[in-house]
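Participant: Let me begin by handing over the structure; questions about it come next.
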Amino acid sequence: MKNIIINKEFDKIVKNRFDIYNSLFLNLPYPKVSNIGMLIPLLHQVCKSELEKGKDPSEIMDSFFNSHTQIISEEEKIDFMFRVIQYVERQVVLYDSVEDSGFKMLVNLENNLSFKDYIHLARSKNNLDEFLDKLATFSTRIVFTAHPTQFYPPSVLDIIAKLRLLIADNNINDIDLTLQQLGLTSLINSKKPTPNDEAKNVIYFLKSVYYNAVGDLYAHIKENVQGTQFDNPNLIQFGFWPGGDRDGNPFVTAETTMDVSDDLRMSLMSCYYNDIVDFEKKLTFRKVEGDIDNLKNKLYLTIFDKTKTLKFDDIINPLYKIKESLINNYNSLYLDELEKFIDKVKIFRTHFAALDIRQNHTVHKQTIEEILKKEKLIKNSLDELSKAELITILTKKAVQVNVDEYNDIVKDTIKTISQLQIIQHKNGEEGCNRYIISNSEDIFSVLFVYALLKWCGWKNENIPMDIIPLFESIEGMKNSEKIMTELFEIPEYRNHITQRNNFQTIMLGFSDGTKDGGYLQANWSIFKTKENLTSVCNHHNIKAIFFDGRGGPPARGGGKTHRFYASQSERIANHAIQITIQGQTITSKYGTKAHFIHNCEQLLTAGL
């Protein structure tokens with residue numbers, strides 16, 4: 001009965017509205033085949049009925065062309081089918097826009113707990129204090145990855161966003177005009193996207209959706225815990241792989257990483273600048289005008305010149321000063337809006353999203369091997385050293401590495417690590433402080449990176465980077481408990497963990513586990529691995545954080561994320577939720593402000 005009601009509501013909110021707007025769409029003219037929109041429903045009916053009779057697709061198409069068109073030549077037939085695809089692609093865009101515009105109504109049909117519902121539940125069970133304590137330290141990290149074929153160009157994304165708003169307002173004339181624009185706009189990139197293009201596609205969502213969505217969600221959370229001292233800007237964090245993930249992608253270089261880190265920072269400064277310009281129009285008071293104008297001018301310089309940067313304190317301190325003046329002199333006018341902006345600055349700081357570096361273990365092994373050959377510690381291979389000798393070299397020996405002495409991937413690996421300090425100086429430490437090792441197979445997967453960070457970056461200083469092993473295969477997960485135990489018992493590495501506030505992040509990959517053992521075994525292996533690694537970390541007084549590599553479709557770990565985390569056992573560490581979001585999921589589950597807020601609330605309530 002419930003499903004029938006939901007289906008009826010869906011038809012009313014989505015299907016019926018789509019049919020109305022699609023009738024406009026089907027009449028859009030295309031060159032050469034002006035009536036193609038009217039032929040598509042006919043083609044659908046013919047194909048459906050004839051395929052059910054078991055007819056050959058080629059025969060069906062030939063019969064359709066003979067009966068319903070004057071198309072004769074093979075070239076014209078191919079052209080027609082190509083234009084059908086063009087139409088259908090745009091119908092998909094239209095359908096998605098209709099569905100997105102009705103999302104708030106659709107989501108009310110589900111029985112998911114919102115954050116507000118969760119607060120009421122905690123209060124009714126008399127464990128609100130426990131919940132608030134957890135909320136004060138908990139964090140979620142949504143890490144965006146890039147699947148370039150799943151992204152529309154920015155011009156199309158703008159059309160989709162415009163359509164969504166017009167459909168919500170039922171603005172028929174402007175919808176018709178926008179559909180005409182969509183019909184004549186290419187849905188694909190004119191050239192293969194570069195890693196920088198992939199990054200820009202994701203940054204588009206950061207700027208146009210997530211920047212304000214995070215502010216709204218955080219304000220909503222604060223509103224629901226009024227009367228408390230809640231202040232946890234780490235509650236919602238973003239990670240970023242485009243431009244930093246070079247595992248299997250030779251086009252991602254050290255230069256790419258630096259460029260993307262600059263793009264992230266400069267895009268954020270643009271968002272801050274726009275907010276300050278809005279405040280300039282509202283806070284027209286003598287005692288704050290100078291501070292606003294000064295901050296606005298400083299932000300403006302950082303938008304277009306990558307050599308110009310601002311520290312976090314350079315932004316937040318003037319805002320605190322303005323806030324104090326509003327309270328003391330101007331009846332707290334616009335104070336709520338200013339506090340919302342301050343919260344956004346505390347969340348995004350100067351980096352927008354943390355740029356993760358990821359590389360394969362085999363590349364680090366090759367790099368270490370080349371360095372030790374230059375140092376004359378080996379002749380040809382690491383196999384010449386005993387395990388104890390290699391551990392000693394990696395953890396105790398000081399090595400001076402000259403990047404110009406190496407070639408190709410080794411050179412780029414050294415260069416990438418060498419510039420991490422520069423990125424942290426420009427974007428803040430949080431802007432790039434995680435190094436992920438894919439295909440981790442033993443303790444050296446981590447120790448190779450530890451040594452490279454020491455030799456090529458921080459020398460004798462503390463290393464402000466989280467070194468994150470990624471266990472992807474079923475075999476890797478089986479060995480992970482032994483690997484982490486060995487690592488924690490190496491004094492130098494244990495000291496590094498102490499410097500990282502006794503947190504160890506461990507990434508578990510889903511898709512490779514699926515290839516190894518299937519969907520069920522992969523899920524079960526991840527579950528048991530988390531329990532075992534939590535036990536290991538607890539034994540060494542270390543807090544485990546699990547970073548889940550989950551794809552879009554269920555076969556790659558997608559599906560009901562809320563249920564996945566809500567089903568974790570009490571024997572699994574629950575200090576944070578960290579998860580990768582791939583291109584397809586970025587647009588489908590986090591592509592609008594309403595989608596983002598709803599799915600973030602689901603992550604939070606699952607973890608809390």
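Participant: What is the residue count in region 218-236 for residues that are assigned to a helix (DSSP H, G or I) and without any contact (Cβ under 8 Å) to a residue 60 or more places away in the chain?
Facilitator: Residues that pass the stated criteria total 1.
Rundown of residues vs (1) surrounded by fewer than 21 Cβ atoms within 10 Å (Cβ to Cβ); (2) at pLDDT below 95; (3) not β-branched (V, I, T), yes/no style:
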{"residue": "I342", "(1), (2), (3)": "yes, no, no"}
{"residue": "K346", "(1), (2), (3)": "yes, no, yes"}
{"residue": "H361", "(1), (2), (3)": "no, no, yes"}
{"residue": "I368", "(1), (2), (3)": "no, no, no"}
{"residue": "K373", "(1), (2), (3)": "yes, no, yes"}
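Participant: Of these, L163, L184, L177, which one is hydrophobic (A, V, I, L, M, F, W, C), farther than 30 Å from P250 by Cα and either touching a His at 6+ places or on another chain (Cβ under 7 Å) or surrounded by 21 or more Cβ atoms within 10 Å (Cβ to Cβ) (or both)?
Facilitator: Only one candidate passes the filter, namely L163.
Participant: Collect the residues in region 337-367 that are among the hydrophobic types (A, V, I, L, M, F, W, C) and touching a strand residue (DSSP E or B) at 6+ places or on another chain (Cβ under 9 Å), keeping them in residue-number order.
Facilitator: Result: I347, F348, F352, A353, A354, L355, I357.
Participant: Quick test of your reading of the structure: K192 fulfils all but one of (1) surrounded by fewer than 16 Cβ atoms within 10 Å (Cβ to Cβ); (2) over 22 Å from the mean Cα position of the chain (by Cα). Name the failing condition by number.
Facilitator: The number of the failed condition is (2).
Participant: How many residues does region 64-92 hold that are of a type outside the set (S, T, N, Q) and under 30 Å from R164 (Cβ atoms)?
Facilitator: Matching residues across region 64-92 total 10.
Participant: Step by step: first the residues of region 304-340, then only those that are over 24 Å from Y218 (Cβ atoms) and under 32 Å from the mean Cα position of the chain (by Cα), then the one that is surrounded by the most Cβ atoms within 10 Å (Cβ to Cβ). Which residue is that?
Facilitator: Looking at the filtered set, the residue picked out is T309.
Participant: Additional query: Please verify whether region 375-395 includes one or more residues that are charged (D, E, K, R) and touching a residue at least 40 places away in the same chain (Cβ under 8 Å).
Facilitator: Looking for residues that are charged (D, E, K, R) and touching a residue at least 40 places away in the same chain (Cβ under 8 Å), one finds none in region 375-395, hence no.
Participant: A follow-up question, please. For a quick check of your reading of the model, give me the residue pairs whose first member lies in region 489-502 and is over 13 Å from E461 (Cα atoms), whose second is loosely packed, with under 15 Cβ neighbours inside 10 Å and modelled with pLDDT of 95 or more, with beta-carbon atoms closer than 7 Å and at least 6 apart or on different chains.
Facilitator: N502/N541
Participant: Given the conditions (1) of a type in the set (S, T, Y); (2) assigned to a loop (DSSP other than H, G, I, E, B); (3) at pLDDT 90 or above, and given that S49 satisfies all but one, which numbered condition is not satisfied?
Facilitator: Just one mismatch for S49, condition (2).
The rows are residues; the columns are (1) of a type in the set (A, V, I, L, M, F, W, C); (2) surrounded by 18 or more Cβ atoms within 10 Å (Cβ to Cβ); (3) modelled with pLDDT of 85 or more.
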position	(1), (2), (3)
S67	no, no, yes
K77	no, no, yes
M105	yes, no, no
N108	no, no, no
I119	yes, yes, yes
A122	yes, yes, yes
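The values are calculated or read from the model by the stated rules, or taken from the named source; none is laboratory data. Model, not experiment: these values are computed from the prediction. Note that we place each Cβ from the backbone using ideal geometry, even for glycine, and neighbour counts take in every protein chain shown.
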